[in-house]
Amino acid sequence: MIPDRVVELLHGPAFMQVGTRDAHLRPAHAWVIGAVVHADRQTVTFFVPESRSARVLSDLQDNGRVALGLGLASHEAYQLKGTYVSSRPTGAEDIALQETYRTEWLAAALQAGYPDEIARPLIRGFAYRPGVAVTFRVKEIFLQTPGPGAGNKMA
Amino acid sequence: MTAEGADSPGLREQIARNQQTIDRLNRDLERKSDQVRIIQQISSEITSTLDLDQVLEIVLRATERVLGFQHSMILLKDLAEDTLRLFASRGYDPTGVGAEVAFGEGVIGVVAERKRMMRVGSLGAGIAYITSIRARLEAAGEVAPAGAAAKLPGLPKAQSQLALPLLVKDRLVGVLAVESPKPNAFDELDEILLRIVGNQAATAIDNARTYQMVEKLSRLKRFFSPQLAELILTGGADDPLKTHRREVTVAFLDLRGFTAFAETSEPEEVMGVLREYHADMGKLILEHEGTLERFTGDGMMIFFNDPVPVPNPAERAVRMALAMRDRVAALLGRWRKRGYELDLGVGIAQGYATIGAIGFEGRWDYGAIGTVTNLAARLCGEAKPGQILIALRVAGEVEDLIEAEEVGPLALKGLAKPVPAFNVVRLKGRV
Amino acid sequence: MGILPDEIKPAMQGVIPSHVVTCSRDGAPNATSISQVYYVDPDHVALSHQFFNKTVRNVRENPRAVVWVISPETFDAWDLEVEYDHSETSGPVFEAMDMQIEAIASIVGMKGIFKLRAADIYRVISVTKNVDERIPLPDIDEPAGRR
């Protein structure tokens, strides 16, 4: 079960990146623009730009290990670790969701005190379409907010 | 360098981009060599003056006009303690001159402590990050809640800071800092340029400051012992030249018969006598930790308990007066042989006086104003040859120490009522 | 000539948080954000080691990592493949990082509490500048009242 607060952040304007690794334990990553928590509260689908998906997808096909890091400008942060389930190209519905995510991300960044001249071009710089929707099953959740308890397993 | 393939559009683009970079670097280089030339000019300006304010002004003006830094400040190290004080700034309102920064506090304080330059381009992000950790530690009870943040001089929301320690042979003179509300406002080239200005500034500031100190020291040495003057200069004692009020014991002395002697003798003879007398009296004043306020010919005014407080000023004054009388008695033997009829008279009083530098530019004196000085002077005027007249307040302080005879009450000029007075005969237990 | 271009330097000033992915010996990737990647020289970067966290642990087991930094000037994102080399607790790199952290910590009353334990030095294996298309969103880039 993914805790409420983490669901809220996954759906909301958390900044996200996915980490994978190949057969030689060499890590790779891609940024994530938008995510959806499934009704089972254990499965998550996230979106990566196709342009940056090749290495991540080949890693996932090789060993299926997924780490999804998410954080807010307030430094509140979590990490979800789990196993790859499937992937597919993003559709119109996904893209609509990603566009909402981008708008919300900007609003949240501005509210957190990021200057407009940084937040706006920053979110613009993250390509998201065409994209790939990657689904994985969450096995472990870690608190990553810096300070006491950072790195502790939550679920 | 990049992951682009070697296909020709990518390659062409790369070549075009490289050319752009080269052009940009060339332009930068030209701009910067202009700046270096101007900096050389400034260096001759800086070294042409010993006026500290002027030196600081030249440095900050160069920092703004030549390097383009709009917010700059110079903090100088305190001579005695490990703190910095803001001496000059540019681009701030209000200036905040006088603000203090402790070593190790903020970018400037850490630069002073470590004597190493620092460039920070993300102060806001860094502060937000550590603040969020602090909040969590506080919530977990691991650190005490933060007190009020130290008020550091500078922009309230600076994002970038570049701070340079001003060093003369590894000795810290101060810190030259520039800042900006924009993140990443400074780069490595700025570091190099600021360092060029800073190296020249450090020496010029140090020279100007040393000169200022020597000036001040020589001024202080006119009034105080060399040790005390040094102490005042390094901040170990309050600057006594600032007007203050304190209870002091004041002793006046002069030579009976001096006026007649001066009128009838050759100037060389008069100067000879005075030199002998001043030298011996001066030694005794220092021995008893008195402050010579002034001497006029044969007259001297000395006070105790200022600028350095002493535990028993009245006793010191009386002991000094007795020692002086003994010393003058020895001199008298020689003087009489040469036909001079002279003797010492002393008046001592105690009370509150307003003390400080009195005078005008170019001729300052350290002076005390109050009834106590008048009373001491009048008692001195009343003293017969060899007498040490003390006021009631002083007699009360030293009655256990001395044998005295009452001579008053005396009607003194400038005083409404006659005052009791005592002549000090000797220290108790002495014949 | 080293591998890191000069134009990457603004991305290593901590203005925009950076991201790092490492992998434990037993094959678990770890994705986390870090406040700053420090430029050391054209072939090396440093990460600050304040707490003994998963990143610090992983690279000591398996030195390979990927780091992602963003320039606050051009908003280019850079991917760095790096390899943990060694850890420093003195010397110019450590001191530069340490004094910066100390300065900021002192401002928020955390001097001595929040401090640098070590500077972890990584060798840079490859650098890739992201050249993705920048997709404007009308409702983001031209909000009401901005025109």
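The values are calculated or read from the model by the stated rules, or taken from the named source; none is laboratory data. Because the structure is predicted, anything quoted here is derived from the model rather than measured. For neighbour counting, all protein chains shown are included, and Cβ atoms are generated from backbone atoms with ideal geometry for every residue, glycine included.
Being touching a strand residue (DSSP E or B) at 6+ places or on another chain (Cβ under 6 Å), assigned to a strand (DSSP E or B) and surrounded by fewer than 19 Cβ atoms within 10 Å (Cβ to Cβ) is a condition met by no residue of segment A:69-82. Summed over segment B:76-100, residues that are over 16 Å from the mean Cα position of the chain (by Cα) and within 13 Å of B:LEU176 (Cβ to Cβ) total 3. Checked against (1) touching a His at 6+ places or on another chain (Cβ under 8 Å); (2) over 25 Å from B:ALA102 (Cα atoms), B:GLY141 passes all but a single condition, namely (1). Step by step: first the residues of segment A:57-68, then only those that are in a helix (DSSP H, G or I) and at the interface with chain C (Cβ under 10 Å from one of its Cβ atoms), then the one that is nearest to C:SER35 (Cα to Cα). Which residue is that? Among them, the one singled out is A:ASP59.
One residue is enough: does segment B:133-149 have a residue meeting the conditions among the basic types (Lys, Arg), assigned by TED's automatic domain parsing to the domain that holds B:GLU64 and in a strand (DSSP E or B)?
From segment B:133-149, those among the basic types (Lys, Arg) are B:134, B:136; that's our starting set.
Imposing the further condition that a residue be assigned by TED's automatic domain parsing to the domain that holds B:GLU64 reduces the set to B:134, B:136.
Within this subset, residues satisfying the condition of being in a strand (DSSP E or B) are none.
No, the conditions are met nowhere in segment B:133-149.
Number of residues in segment A:100-127 that are over 16 Å from C:VAL15 (Cβ atoms) and at the interface with chain C (Cβ under 7 Å from one of its Cβ atoms) equals 5.
Look at segment A:123-136 and say how many of its residues are touching an Asp or Glu at 6+ places or on another chain (Cβ under 9 Å) and either of a type outside the set (Val, Ile, Thr) or in a loop (DSSP other than H, G, I, E, B) (or both). Lay out the reasoning, then the answer.
To start, the set of residues in segment A:123-136 that are touching an Asp or Glu at 6+ places or on another chain (Cβ under 9 Å) comprises A:124-133.
When the remaining residues are screened for being either of a type outside the set (Val, Ile, Thr) or in a loop (DSSP other than H, G, I, E, B) (or both), the result is A:124-131, A:133.
Final tally of qualifying residues: 9.
Does A:VAL66 meet the test of being crowded, with 22+ Cβ neighbours inside 10 Å, farther than 29 Å from A:LEU110 by Cα and among the hydrophobic types (A, V, I, L, M, F, W, C)? I'd like the intermediate steps shown before the answer.
Details: crowded, with 22+ Cβ neighbours inside 10 Å: yes; farther than 29 Å from A:LEU110 by Cα: yes; among the hydrophobic types (A, V, I, L, M, F, W, C): yes.
Taking the combined requirement at face value, the residue satisfies it.
Consider B:LEU233 carefully, then state whether it is closer than 30 Å to B:GLN212 by Cα, outside the structural domain of B:GLN350 (by TED's automatic domain parsing) and either modelled with pLDDT of 85 or more or not hydroxyl-bearing (Ser, Thr, Tyr) (or both).
Numbers: closer than 30 Å to B:GLN212 by Cα: yes; outside the structural domain of B:GLN350 (by TED's automatic domain parsing): yes; either modelled with pLDDT of 85 or more or not hydroxyl-bearing (Ser, Thr, Tyr) (or both): yes.
Against the criterion (closer than 30 Å to B:GLN212 by Cα, outside the structural domain of B:GLN350 (by TED's automatic domain parsing) and either modelled with pLDDT of 85 or more or not hydroxyl-bearing (Ser, Thr, Tyr) (or both)), B:LEU233 qualifies.
In segment A:73-97, the residue that is farthest from C:ASN53 (Cα to Cα) out of those that are in contact with a helix residue (DSSP H, G or I) (Cβ under 7 Å, 6 or more places away or on another chain) and not aromatic (Phe, Trp, Tyr) is A:SER87. Pick from segment B:289-323 the residues that are closer than 12 Å to B:HIS278 by Cα and surrounded by fewer than 17 Cβ atoms within 10 Å (Cβ to Cβ): which of them is nearest to the chain's Cα centre (by Cα)? Residue satisfying both the conditions and the ranking: B:ARG294. Of all the criteria given as (1) in a helix (DSSP H, G or I); (2) in contact with a Pro (Cβ under 7 Å, 6 or more places away or on another chain); (3) not hydrophobic (A, V, I, L, M, F, W, C), the one not satisfied by B:GLU315 is (2).
Set side by side, the residues A:VAL48, A:VAL32 differ, and just one is facing chain C (nearest Cβ under 10 Å), in contact (Cβ under 8 Å) with a residue 12 or more places away in the chain and closer than 28 Å to A:GLU117 by Cβ, which is A:VAL32. Within this structure, B:ALA125 passes the test of being at pLDDT below 90, within 11 Å of another protein chain (Cβ to nearest Cβ), on the phi < 0 side of the Ramachandran plot and assigned to a helix (DSSP H, G or I).
Taking the criterion of being surrounded by fewer than 22 Cβ atoms within 10 Å (Cβ to Cβ), farther than 19 Å from C:VAL15 by Cβ, within 14 Å of another protein chain (Cβ to nearest Cβ) and modelled with pLDDT of 85 or more, would at least one residue in segment B:164-172 satisfy it?
no
Quick one: which strands (runs of 3 or more DSSP E) lie wholly within segment C:1-60 and hold at least 1 residues that are facing another protein chain (nearest Cβ under 9 Å) and in contact (Cβ under 8 Å) with a residue 40 or more places away in the chain? Please lay out each step first, then the result.
Details: elements: C:18-23, C:29-34, C:37-41, C:44-49.
In segment C:1-60, C:18-23 are the strands (runs of 3 or more DSSP E) which contain 1 or more residues that are facing another protein chain (nearest Cβ under 9 Å) and in contact (Cβ under 8 Å) with a residue 40 or more places away in the chain.
Residues of segment C:100-124 being outside any loop (DSSP other than H, G, I, E, B), more than 15 Å from the chain's Cα centre (by Cα) and in contact (Cβ under 8 Å) with a residue 12 or more places away in the chain, which ones? Answer for segment C:100-124, where residues must be outside any loop (DSSP other than H, G, I, E, B), more than 15 Å from the chain's Cα centre (by Cα) and in contact (Cβ under 8 Å) with a residue 12 or more places away in the chain: just C:GLU102.
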